[in-house]
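The values are calculated or read from the model by the stated rules, or taken from the named source; none is laboratory data. Just so it is clear, the structure is predicted and the values come from calculations on it, not from any experiment. Methodologically, a virtual Cβ is constructed for each residue, glycine included, from the backbone with ideal geometry; neighbour enumeration extends over all protein chains shown.
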Amino acid sequence: MKVSGFTFIKNAVKFQFPIVEAIQSILPLCDEVVVAVGDSEDETREIVLSIDSKIQVIDTVWDENQKGGGVLAAETNKAFHAVSKDSDWCFYIQGDEIVHEDGYSEITSAMHKWKEAEDVDGLLFKYRHFYGSFDYIGISSQWYKNEIRIIKNNKNIFSYKDAQGFRKNKNQKLGVKPLNAFIHHYGWVREPKAMEAKARNSRSFYHGKTGDEQIADSKDFDYSQIDALENFKGTHPLVMQEQIKNKNWKFEHNMAYNKLKPKEKFKNLIEKITGNRPFDFKNYKIV
């Protein structure tokens, strides 16, 4: 069985993406990792190449005129189409996502088990979304609970909308098998000034460049504007330990502060009782 990893990145240093740790988290399970490196203003390309000999860089130019986050899907597809043709599975990771090593055994077992299953297009991960610091996770429906990150090497599959998930053929949902394996999403964990700069840059992918995106990186991001969080009591992936030790700045959240609507509270209660969250949108079908 051959597995190719793939991802995309641009300006990882400027916007503090943990791209090194992201790639390191999938390397033990991959025979190669293709990285589409965009036209960066920093040392992103050199840093990516220095990670491991398994890394293959393809240089790209981002079309930032695409609205709705389409450029993110376009860059994902460039990397996907560059993986080896003889790979069975393709392991996707974004620049602020880290696979927890506790799931390695299950991931490997599932790839072997479902490799020949024609109705299985991909494998579904569980998610933890960190916010403000490495100590809090989001608990409302704005944070997706599951998403596809391993797909068959089938070029009828494509990155969907803003690269959150995948579809195939004429916009069909992928058939997937769920994994008891976690991906930690650290997209909302940065030093406040860097978070503000990254947030402005991200908005430009959806709404185009505005004067707001040109403001000097002097403003702190306001982490207080969040509906509900809970304390994280588990463990972080090993590859993140050094960064957490060095960069876990002070962020305090009043746990009594909760802006969840009654419907959200009901969904959270059902999830705690049954393990399933009702009514949330699912960008896949479990087979």
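Details
- Among residues of the range 142-157 that are in contact (Cβ under 8 Å) with a residue 60 or more places away in the chain and basic (Lys, Arg), those with a Cβ under 8 angstrom from a residue that is in a strand (DSSP E or B) and crowded, with 22+ Cβ neighbours inside 10 Å, sequence gap 6+ or separate chain, pair up as Lys152/Trp89; Lys152/Cys90; Lys152/Gly122.
- Note on the range 208-226: among residues that are assigned to a loop (DSSP other than H, G, I, E, B) and among the small types (Gly, Ala, Ser), the one that is modelled with the highest pLDDT is Ser224.
- The one condition in (1) at pLDDT below 95; (2) touching a strand residue (DSSP E or B) at 6+ places or on another chain (Cβ under 8 Å); (3) surrounded by 17 or more Cβ atoms within 10 Å (Cβ to Cβ) that Asp162 fails to fulfil: (2)
- Test: residue in the range 114-133 that is part of a loop (DSSP other than H, G, I, E, B), at pLDDT below 95 and either at positive phi or touching a His at 6+ places or on another chain (Cβ under 9 Å) (or both): yes
- Ala163 meets each of the listed conditions (1) closer than 20 Å to Thr108 by Cα; (2) in contact with a helix residue (DSSP H, G or I) (Cβ under 6 Å, 6 or more places away or on another chain) apart from (1).
- Residues that are surrounded by 14 or more Cβ atoms within 10 Å (Cβ to Cβ), hydroxyl-bearing (Ser, Thr, Tyr) and either at pLDDT below 95 or part of a loop (DSSP other than H, G, I, E, B) (or both), drawn from the range 50-84: Thr60, Ser84
- Any hit, the range 227-248, residues being modelled with pLDDT of 90 or more, under 30 Å from Asn171 (Cα atoms) and surrounded by fewer than 16 Cβ atoms within 10 Å (Cβ to Cβ): no
- Unmet criterion (only one of (1) touching a Ser or Thr at 6+ places or on another chain (Cβ under 9 Å); (2) at pLDDT 85 or above; (3) more than 19 Å from Asp135 (Cα to Cα); (4) not small (Gly, Ala, Ser)) for Ile183: (3)
- Here Arg277 meets each of (1) outside any loop (DSSP other than H, G, I, E, B); (2) modelled with pLDDT under 80; (3) not aliphatic (A, V, I, L, M) with one exception, condition (1).
- Residues (buried (at least 18 other Cβ atoms within 10 Å of the Cβ), assigned to a loop (DSSP other than H, G, I, E, B) and aliphatic (A, V, I, L, M)) located in the range 12-49: Ala12
- Inter-residue pairs, beta-carbon under 6 Å, first of a type in the set (D, E, K, R) and in the range 191-209, second at pLDDT 90 or above, 6+ apart: Lys198/Phe15
- Only a single item in (1) at pLDDT below 90; (2) surrounded by fewer than 18 Cβ atoms within 10 Å (Cβ to Cβ); (3) in contact with a Leu (Cβ under 8 Å, 6 or more places away or on another chain) is not met by Phe205, and it is number (2).
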